Structure formats: C-alpha cells, structure tokens
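Here's the structure, in structure tokens; my notes come after.
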Amino acid sequence: MISTIFFEIISNNWHIISLFFLISILYSSVGFGGGSSYLAVLAVTGIAYTQIRSTALLCNIIVVSGNVYVYMKRKEFNWKKVIPLTLFSVPFAFIGGFLKINQTLFFVLLGFTLLFAAITMWISKSITASKENTNQMSTVKNVSYGGVIGFISGMVGIGGGIFLAPLLHVSKWDSPKKIAATASFFILVNSIAGLVGHYTNPYFSIDWNLTTVLLITVFIGGQIGSRFSNKFLNPIQLKRATAILIAFVSIKILWKYLV
C-alpha cells in the first residue's frame, strides 16, 4: 500500500522531483541549501501557499546538514565570527516563521526575494574566487545583519544564505571557502528556527507524502553536490541557468499579485 502511494506520487510529480534533484546538486556544491529555487518551483505547482515554506525549509535542512558536516571535517569555520551572525538570526527566524501572513503578502515577498536571488546569482562570480580576502566586521554589524536576514528568511521560507553570502563577499568578511561554510551553517540554523516557528503557528500544514519523497531526493542530490559537482560542473554556467529560471518565476509571481 505504501509503495503504491509513493509510486503514484513519483509518477504524478516527476518534474518537481527532477528539478529538486538538480537544484540540490547545484546549491550544495556552493554551500547553499536551495531554498529560493525550491520555493520558485513550488510556487508554480499549485501547492497551498501554507505548505510551501515548510517544505522548502525541510529540504534546506537536509541539504545543508551534509554541507555543514563536510565543512566541519575540513575545519572551515571561524566560530568567533560565525556565532555573532547567528546570535540574533535564530530567534528572529523563529518569529518570522511564526507570523501569519496572508497569501498576497507571502507571494509578493517571495517574488521580490526570488528576483533578488536571481540577480545575485547572475552577477556573482565570488564562488570561484581563490584569493584569501579577510576583513573585520564589527560585532554590532554581524548581529544586526544576522537578525534582519533571519527575520526575512523565516517569513519567506528560506535559510537566508542568498542574502548573507553576497553581503559577506562584498564586505570581504573572510575567504570564499569560509564564507560558503558560514552560509551553510547560517542556512541550517535559520531553517530549523523558521520551521519551528511555522510548526507552532496554528495554520501549519504540509503534505508529508510528497515532502518525504522530496527530502529523499534532495538528500541524494545534496550528497552528490557537496562532494563531486565542483569537479565536473561549471558553477557559473549552472548558477546563471538557475538564475534565469528563478527570475522568470519571480516576475510571473509579481505580475500576478501586483499588476
């Protein structure tokens, strides 16, 4: 009976599952979870908007958990700089996730978030940089940036890496590898906090059958991406292809809810 249910889910949602698999490979290869792209895919599937955030956050958690493990083994974390970033981001991500927002506001926020993500992915080349650039950002700035990004991330249903990583690169916060590691940890803890916030909201809902299949899919893709994809794939070309997809979805969403 269970196998029949999952077979039907796979056959009816193979296109979503395939996209999630590719997204998890791409994003895990650069230290991200893929939340913005998961949201973009789910936003055009007709799935209830109350389920979209939780599904994307769960997939985020699965993918970046593998990333964080790999980065910890490589000792890529500078905890003295990482902890201030996450100190306020976690409680604010919880608050953002707990807040009840109506469908129109959710999709408007989502549309602008996806558009920002698409632009960032298109213009950013920092992920391939090898130069060790470091700079000291004040604790107040670390805490402030983390809190603001965490709150927005919790409301929309992402981990916040798509906002944090460009900011850290521009400010020369640390080397590209350490920024990727930091983004992974930031995404993980904020995705967990945001998900807990969603769960405590009385309007929480999720399709566990489809979500389970997607979680298995992104786990496999995440393991592949975090270990092998940079050896075989061109990150810039893949990022730009993904950016086009996200931009298309964001414009479609904003056109529907603003025009």
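For region 53-80, a residue qualifies if it is out of contact with any Asp or Glu (no Cβ under 7 Å at 6 or more places or on another chain), surrounded by fewer than 17 Cβ atoms within 10 Å (Cβ to Cβ) and either among the basic types (Lys, Arg) or not in a helix (DSSP H, G or I) (or both), and the qualifying residues are 73, 74, 75, 80. The single condition from (1) modelled with pLDDT of 80 or more; (2) touching a Phe, Trp or Tyr at 6+ places or on another chain (Cβ under 9 Å) that residue 240 fails is (1). Inside region 114-126, can you point out the residues that are part of a helix (DSSP H, G or I) and at pLDDT below 85? Hits for region 114-126 are 114, 116, 117, 118, 119, 120, 121, 122, 123, 126.
Could you check region 149-187 and list, in sequence order, the residues that are outside any helix (DSSP H, G or I) and among the aromatic types (Phe, Trp, Tyr)? Steps first, answer last, please.
Our first condition is that a residue be outside any helix (DSSP H, G or I); within region 149-187, this holds for 157-160, 171-175.
The one that is outside any helix (DSSP H, G or I) and among the aromatic types (Phe, Trp, Tyr): 173.
The sole residue among 46, 33, 96 that is touching a Ser or Thr at 6+ places or on another chain (Cβ under 7 Å), closer than 22 Å to residue 205 by Cα and either among the acidic types (Asp, Glu) or part of a loop (DSSP other than H, G, I, E, B) (or both) is 33.
Of 23, 9, 83, all but one fail to be among the hydrophobic types (A, V, I, L, M, F, W, C), assigned to a helix (DSSP H, G or I) and either farther than 20 Å from residue 161 by Cβ or in contact with a Pro (Cβ under 7 Å, 6 or more places away or on another chain) (or both); the exception is 9.
The values are calculated or read from the model by the stated rules, or taken from the named source; none is laboratory data. Keep in mind that what you see is a predicted model, and the values were worked out from it rather than measured. All Cβ positions, even for glycine, are placed from backbone atoms using ideal geometry, and neighbour counts span all protein chains on display.
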